[in-house]
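The next block holds one structure in the form of structure tokens; read it before the comments.
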Amino acid sequence: MNSRLVARYRKLAGVVRDLAASLSDQQFWSKPFPFGNSFGHLVLHLTGNLNYYIGAQIAETGYVRDRPREFSESAVPPKPDVMQKFDEAIEMVLQTIRQQSPEDWSKEYTALGSDAANRFDMVLQCVTHLHHHVGQMVYLEFEIKRSG
């Protein structure tokens, strides 16, 4: 089971990296619609989500999340820095998954904003959340490229 979860996280992270690579720094932070988020803010959000729900709560990294800032950061960091932090979060998730024994998966899980009953449920919810936002990123990248 652990290897299948690792493979899914790797695949989705690769899609995020490929989409981001095709965007300039300006495009990375642009909002092609008056609603929603920029590609960059979605990467900040995914990084915060993984670092909190898996990092802080399972891997015990000590990460402290500022969720509102993930969507509102106005002093935007350079794209390479944001992508590096995303990659670091993915690597932490992969390491955490690999370290779970069959018994660890069923350990009780609690976190603010979560209804997961155990570790497996939370890791599954996080990969589903990642996949959801990858869909938005595909559309954002398409719209940014289409509108020039």
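Every number in this text was worked out from the coordinates using simple rules, so none of it is lab data. Because the structure is a prediction, the values reported are computed rather than measured. Cβ sites come from the backbone with ideal geometry, for glycine too, and all protein chains shown count toward neighbours.
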| request: Let me have the relative contact order for region 71-147, percent, based on Cα pairs under 8 Å that are six or more residues apart. | output: 14
| note | Taking Cα atoms only, helix 39-50 is inclined relative to the longest principal axis of the chain by an angle, in degrees rounded to 10, of 10
| note | The answer for ASN118, listing residues at least 5 apart or on another chain whose modeled amide H is closer than 5 Å to its amide H, is TYR109
| task | Treating only the Cβ atoms of Lys and Arg (+1) and Asp and Glu (-1) as charged, compute the dipole magnitude of the chain about its Cα centre; round to the nearest 20 debye. | result | 360
| request: For LYS85 and PHE71, calculate 0.36 nm times their separation in residues minus their Cα-Cα distance, and state this gained length in nm to one decimal. | output: 3.5 nm
| message | For a bin width of 5 Å, list the pair-distance distribution of region 1-76 built from all Cα-Cα distances, rounded to whole %. | response | 3, 14, 19, 21, 20, 13, 7, 2, 0
| Distance in nm between label sites at GLN136 and GLU60, each 7 Å beyond Cα in the beta-carbon direction? | 3.3
| Label points 7 Å out from Cα along the Cβ direction at LYS11 and SER114: separation in nm? | 2.4
| query | Given R₀ = 25 Å, FRET efficiency for GLN99-PHE33 by Cβ-Cβ distance, to 0.05? | reply | 0.05
| request: Of the options ILE144, VAL64, ILE90, report the single residue whose Cα projects farthest towards the positive end of the charge dipole of the chain (beta-carbon charges: Lys, Arg +1; Asp, Glu -1). | output: ILE144
| task | Report which label in (1) 18.0; (2) 16.8; (3) 15.8 holds the value of Kirkwood radius over Cα pairs in Å derived from the coordinates of this structure. | result | (3)
